[in-house]
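Visitor: Handing you this structure, nothing more for now.
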């Protein structure tokens, strides 16, 4: 999209998939955003990003972002494969019980962004209770069975934010 002064529009929505692809279900967030990147076209004000396990290295990506949608495995104490949606102040609370080392990085990232005045005004986490975070490149059957629903949940959140997504 082009603004009136001829400048390209910077992203103001960031969809951030985080996780470690070699720790089984921990990589689900990355897998979801990879599928979205393959299947969909997004408007220029929406960035879809594989954040991997970068943690604080992602801080510059939050500057100017109004809405952040995080996709990740989240320890809820529930049955493996249980989908969750958290928003606002629920995110840092949910990250107290970390599934893997990158979640502490995400908690720190959100805290530092807030201190610097770069915290998004709206944050949502689309997550799932993992079955396994052992070494391995494959998702467990519980998570694989819910992958399409997770993708749908991300698209639903974007739709609530007025984002028009088109097939690739």
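The values are calculated or read from the model by the stated rules, or taken from the named source; none is laboratory data. Since the model is a prediction, treat every value here as computed from it, not as a measurement. When we count neighbours, we look across all protein chains shown, and the Cβ atoms used for this are built from the backbone with ideal geometry, even at glycine.
Visitor: For residue 162, all conditions in the list (1) modelled with pLDDT of 95 or more; (2) surrounded by fewer than 18 Cβ atoms within 10 Å (Cβ to Cβ); (3) within 17 Å of the chain's Cα centre (by Cα); (4) over 17 Å from residue 28 (Cβ atoms) hold save one; what is the number of the exception?
Guide: The failed condition is (3).
Visitor: Turning to a different aspect of this structure: Restricting to the stretch 100-131, count the residues that are at pLDDT below 90, surrounded by 13 or more Cβ atoms within 10 Å (Cβ to Cβ) and closer than 21 Å to residue 20 by Cα.
Guide: 10
Visitor: Now for a different question. For residues that are touching a helix residue (DSSP H, G or I) at 6+ places or on another chain (Cβ under 8 Å) and assigned to a loop (DSSP other than H, G, I, E, B), tally how many sit in the stretch 138-168.
Guide: Of the residues in that region, 5 qualify.
Visitor: Which numbered condition trips up residue 128, out of (1) touching a strand residue (DSSP E or B) at 6+ places or on another chain (Cβ under 6 Å); (2) within 21 Å of residue 66 (Cβ to Cβ)?
Guide: So the condition that residue 128 fails would be (2).
Every residue, every condition in (1) touching a strand residue (DSSP E or B) at 6+ places or on another chain (Cβ under 7 Å); (2) in contact (Cβ under 8 Å) with a residue 40 or more places away in the chain, yes or no:
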residue	(1), (2)
112	no, yes
123	yes, yes
139	no, yes
143	yes, yes
148	no, no
160	no, no
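Visitor: Please work out if residue 119 is assigned to a loop (DSSP other than H, G, I, E, B), out of contact with any strand residue (DSSP E or B) (no Cβ under 7 Å at 6 or more places or on another chain) and under 21 Å from residue 64 (Cα atoms).
Guide: Yes, satisfied.
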